[in-house]
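Asker: Pasting in a structure now, in structure tokens, and then I'll have a few things to ask.
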Amino acid sequence: MMKLADFSKIRRSVEKTLDPKRYEHTLGVTYTAAALAMCYDVDIRKAQIAGLLHDCAKCIDHQKKIHICEKHNIEINDIERQNPFLLHAKVGSYIAMHKYNIVDEDILHAILNHTTGRPAMSLLEKIVYIADYIEPCRRQAPNLKLIRKEAFTDIDKALTIILEDILVYLDSLNSDIDPMTRQTYEYYVNKRQGVLNE
Ligand code: FE
Ligand code: FE
């Protein structure tokens, strides 16, 4: 596992590639992910690294993200081609692997899936997904107060509320919705239903 020196090194490097606002957000996600990891008995260092790197491709311009994908045979779906900002997750996980030498699959998946989620996420994936939404710099989203509380009490409930709010929001803007977001939402609604019916 990563030593402390490596963590600081990654942090300084990430700081150079992000604008100040995105870096603040990144630090927020990093310590929120660490707190959630404490709560759910997940490796704290892994949560910090995943949080630190989740948006490492966010400030790469769209053309370059598309170029990186094409060069390295990373598949781009229609929604991603029309909304290249979505590619920062795939490109970020690629950069985590090749620039920061992250080999831990769970960390790479947490970066890869942090924009849409996916059905049956690992705890670490959920933690990064949720930390991205609730970190202290976030102020706009509805239900934040409730979601922040639920994140530390019922993680799947927090996840379901976030996904529902995102779907409602994107719908209200008439934005494209990555089908994975809806699939993830339906998976967790059903999962929670199953638990409630047991
Ligand atoms: Fe992101
Ligand atoms: Fe983020």
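Asker: Take the chain, connect every pair of alpha-carbon atoms lying under 10 Å apart with a spring to form a Gaussian network, then pick out the residue of 140, 183, 82 with the largest mean-square fluctuation.
Answerer: Greatest mean-square fluctuation among the candidates belongs to 140.
Asker: Okay, moving on. In whole Å, what three semi-axes, largest first, describe the equivalent ellipsoid of the chain built from its Cα gyration tensor (square root of 5 times each eigenvalue)?
Answerer: Semi-axes (√(5λ), whole Å): 25, 21, 16.
Asker: Here's another thing I want to ask about it. Pairs to check: 65/126; 21/71; 71/149; 46/149; 46/145. Give those whose C-alpha atoms are more than 32 Å from each other in this structure.
Answerer: 71/149, as the Cα separations exceed 32 Å there.
Asker: Same structure again: Where does the chain land at 222 nm, in deg cm²/dmol rounded to the nearest 500, when only DSSP H runs of n ≥ 4 count, each adding -39500 (n - 2.57), divided by all residues?
Answerer: For the chain, the value works out to -21500 deg cm²/dmol.
Asker: Which log10 I(q)/I(0) values does the range 69-131 give at q = 0.15, 0.17 Å⁻¹ under the Debye formula, counting every alpha carbon as one identical point scatterer?
Answerer: The calculated log intensity ratios at q = 0.15, 0.17 Å⁻¹ are -0.46, -0.59.
Asker: Between residue 15 and residue 174, what is the spin-label point distance in nm, taking each point 7 Å from the Cα along the Cα→C-beta axis?
Answerer: 4.4 nm
Asker: Specify the residue with the greatest mean-square fluctuation among 138, 118, 11, computed from a Gaussian network of the chain linking alpha-carbon atoms under 10 Å apart.
Answerer: Maximum fluctuation in the GNM of the chain, among the listed residues, is at 138.
Asker: Hey, in the GNM for the chain with a 10 angstrom Cα cutoff, which one of 65, 126, 149 fluctuates hardest?
Answerer: In this elastic network of the chain, the residue with the biggest mean-square fluctuation among 65, 126, 149 is 149.
Where a number appears in this text, it was derived from the coordinates with a stated rule and is not lab data. Fair warning: this is a prediction, and the values are worked out from it, not measured in the lab. Note: ideal-geometry Cβ built from the backbone for every residue, glycine included; neighbour counts use all protein chains shown.
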